[in-house]
Every structure is written in structure tokens, then in C-alpha cells.
Amino acid sequence: MATTADQLPPAATLLNGQQSMMATSNGQEQQQEKEQEQQVVISKSTSPKPGAMPSLKLIKMGSVSQKEKRVYKIVLTGGPCGGKTTGQSRLCTFFENLGWKVFRVPETATVLLSGGVKFSDLTEKEAYKFQENLIRTMVQIENTYFELGNSSTRNCLIICDRGVMDASAYISKDKWEKMMAGNKWNPVEMRDNRYNQILHLVSAANGAEDFYSTEDHACRSEGVDLARELDYKSAAAWVGHPYFDVIDNSTNFEAKMNRMIESVCQKLGIDIGDRLQATSRKLKYLVAALPADSEFPPFQDFDVVHHYLQSAGPKVQARLRKRGQKNHWSYIHTQRRPNVHGQARIEVKTQLTHRDYMNLLAQRDDAHFTIYKKRRCFLINNQYFQLDIYKEPGHPRCKGLVLLETYSSLTGDALKNCMPKFLNIVKEVTGDPDYSMFNLSLKEDWSISKKFCRTATHGKQDLQPAPPKQYHPYDENSD
């Protein structure tokens, strides 16, 4: 994301625009990473100053210097009649008014299907090859826009009308895996590293049936039942992306569009004041025990590693996250700052290369354990959940810990009905400092630690008064 004038050493220069990320990781790089991690030594003469990396800051409306330029790639996906076309237009207008350059990548399937292609006329072999060529075409079209974004002198938002993973919703799992293997594609690169954020706009066929229509789309002919099925499949295709937001039909359409824009602004850390009413909030729950895998809907599991870094001040928090499947990894730097421009908490995330990640490991804070988790992502009742299962080694306080997280604007019974019934949820722990990842990773006992963060509770817990500790006025959540 954006950086201030503070610089990394030349070897760790960030790629703000981020090159297109279809190249797969290889075993040699992973072996190098393991060796380098063992060799990282903090040295006053060679290490960057604490907080020197991405002294990341809130992006203000208006012009931006070349050093701070950002290229942000999002995917608008969803079932038929979900609002993708209108959503593109609204996002384009909103960000152009902020001074951003906006590119809109056309839907490749619509381009090809409008040329006279009918799936019903294709043989099984032809349909498979068509889907494969569709993805290759989509990648090339997207890469063209990504390169334009990288060369732009302004902040750039690139809106993709569907992304490469959407194709998996239209073929069987076996054929998809065969296609992935044949082209040496992997989901971490195609899903997680290629795009910064995924926005699933739920079809009107699911929750707003009175407004479902196929009249305004030449390539759309689905009935309500089929539209619901396609909506679910297109959402399932993106389960596992670290920044996946489901925009449902729980409000009217205008509010739905505002929630979509708000979601993008939140991820970017853009200060929009009261232009959009904040609706969605992050919720965290303590889970008693992990049920059998067969109890879950389709899910994706990831290995996640967090390192806390030395920071420039007591109210600034910085960490690294490595997240992957089958030895393919994505890397994120997160910085949290409290009370910036009137916002209670600002969080800015920067996607890193493997090289950047290895350089920043030199700034690890020895006051914290490294956090190891298995993260399970799944979709149920149009709600996206992440289940964090803490793993050893770590502090004894983390042993057996399982936490469930989701974003939602729902409350009361509506929220309760969306929660996964197969999980034994003990209580809500949103804002409870005992379940802050920052606090959980501390090596010192909480009763004597000066670094313990006391955050405002969510109103669910009545915490007993504790000895005064260093105060961090933001809410700690995992990423």
C-alpha cells in the first residue's frame, strides 16, 4: 500500500504497483527462505531502524506523490443480477472524484460469448478448451490493465469484472484441478496474490427476488433457482482469499452500493469522513472445540505465520504475515495507527515480495512469540468466516485456542441465524484484550508486562479492573 518518505534499504524496495502475479513459487525459493529465516540477525549497523519499513500512513483525498502511488486491484463477482455493472460505475465515479485513475477490465466471458458461442453447442472437449482459453485470455487482458496501472502517475484503481477463479464455478472440480495442473497454475497465485480484494455482490435471486431480472443482459437467461446456484458457486470459488467481502441484500440497493464502496475504502485506509455511513464491523468469537471436517461446508485451509515487528512508537503496531497452501505463499505487512483524522483505528496493508519479507524479518520484536495458525475459510448463509486454530510452538495461553472471525452489519436474531450452527461458540470476544493476537503473542506474563494492550470491550464481557498498563486505543484483530 502507500509509503511515507521513510525508505527501505534498496534491497527491500517495495513494488507499489505490484507486477502481475501468475508466476508460481518454486521449492528452491522456499528452501532459501527457510535458510534465510535461520540466519536473520538483528544488527545495529545493518538493520533498518524500527518502523523504517513502510511507515505507512492514511491516504488523504487529492493528489499524491510518486513515492506514495498505489495500484489497487479488485474483483467484482457474484451471481446474475447482483449489481456488478452499477457497482463498477459507482466505484469509478467515487474514486475519480478522489483524483484516482480508474480502469475497468471487461468481463472476458461476455466478450467471448457475445461472439456467437453457445455452451449447449459445444462438445465436452470443446467446452473444456474454451474455459482454458477464456482464462488465458482473461489473464492477458488483465495484465494489460495492470501494466497501465503500474505506469500511471496517479493512484490507480483497477476493477475486474470477475476474475480467473470465477471459471471454476462452471466446470467440475476434477476438470478444474486438471486444468490447473496442466497450466502450472496454483490457487495462491491466481486467487490470493493476483488481486488485492474480492467483492461478491449477492444476486437479487437470493434475498431480493422481486428485483431479479434478465431483461437488461444479452448473455443472461438464468431463472431464479439457477441464479441462486450460480451465486453460491461464484462465491465458493473465492473462499480463501484473505480480503473477501460478501455484499448481501440485507439493505436496499442504494445502501448495498454504499456498503461496497465503504468496504474498499476501509481496506485502503481512505479517510472519507461521514460520506458513507459505517455499517460493517469485525466480530470475534471463542470456539470451544473443533468439530470433524465433515461438519463443515466446503472450506480452504491455510498455514499462517505472524511476526510482530519493532515499531516507531508505543501506539503504532506493525507485523508481517505469511500465508500459504502447499508451499505457495503470499506476504503482507500490516501497520495499525490509532486516532488518525478522527478515525478510531487505521490499518494499512502492503503486499510484499518474498525478498521484502525476508528483509523485514530483521525487525522482529523479541518481546513477542511468532504466532502459528491453521486458518480455515468457509462460506455459509451468505456470510464469510475465518476460523483460526492456534498451533505450537507458542505461549501456553494459546494452546487449544480456536477463534472465529467475520465481518457483518447484522445484529440480534439476524446475526444469530447466520452463525454456523455446527460450531460450539462459547462467547463473543470482540474487543476483549485477552483474545488480542498482540497480547496472546507477548512472552511476558500479562500481569507484569508493560506492553499489554488494554482495549475497549464490546459490551459482552465485564472485565475486572487490572493494574495500569500501556494503553493502545485501537481494537486488535488478526489479518
### Task
Enumerate the residues in segment 360-383 having an amide nitrogen under 13 Å from the point lying 7 Å beyond the Cα of residue 391 toward its Cβ.
371-376
#### Entry: For segment 71-268: span of alpha carbons on each principal axis (Å, largest first)
48, 43, 31
### Task
With all protein chains present, calculate the accessible area of residue 229 using a 1.4 Å probe and round the result to the nearest 10 Å².
90
### Query
Residue separation times 0.36 nm, minus the C-alpha to C-alpha distance between residue 112 and residue 86: what's the value?
7.2 nm
### Summary
Phi angles of segment 144-149, converted by Karplus (6.51 cos²θ - 1.76 cosθ + 1.60, θ = phi - 60°) into ³J(HN,Hα) in whole Hz with x for Gly and Pro, give 4, 6, 4, 5, 4, x
### Query
residue 447 versus residue 301, label points 7 Å from Cα toward the beta carbon: distance in nm?
3.7
### Calculated FRET efficiency for the pair residue 327/residue 123, C-beta based, R₀ 41 Å, to 0.05
0.70
### Query
Taking all protein chains as present, what is the carbon and sulfur share of the accessible area of segment 71-268, in % to the nearest whole number, probe 1.4 Å?
50
### Restraint check, 173/256; 175/233; 284/451; 84/326, Cα-Cα greater than 24 Å
173/256; 84/326
### For residue 454, residues with placed amide H under 5 Å, excluding near neighbours
472
### Label-point gap, in nm, between residue 355 and residue 374 - each point 7 angstrom along Cα→Cβ
3.5
### Positive-end extreme of charge dipole, segment 97-197 - chosen from 110, 153, 167 (charges on Cβ)
153
### Values of log10 I(q)/I(0), in the order q = 0.10, 0.12, 0.18 Å⁻¹, for segment 281-441 under a Debye, Cα-only, solvent-free model
-0.41, -0.59, -1.31
### Query
Rounded to the nearest 0.05, what FRET efficiency is calculated for residue 367 and residue 425 with R0 set to 35 Å and r the Cβ-Cβ distance?
0.65
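The values are calculated or read from the model by the stated rules, or taken from the named source; none is laboratory data. Since this is a predicted model, take the numbers as computed values, not measurements. FYI the Cβ positions are ideal-geometry reconstructions off the backbone, even for glycines, and counts take in every protein chain you see. Just so you know, the surface numbers come from the protein's heavy atoms only, side chains and all, with ligands and any DNA or RNA stripped out. Shrake-Rupley method; radii C 1.70, N 1.55, O 1.52, S 1.80 Å.
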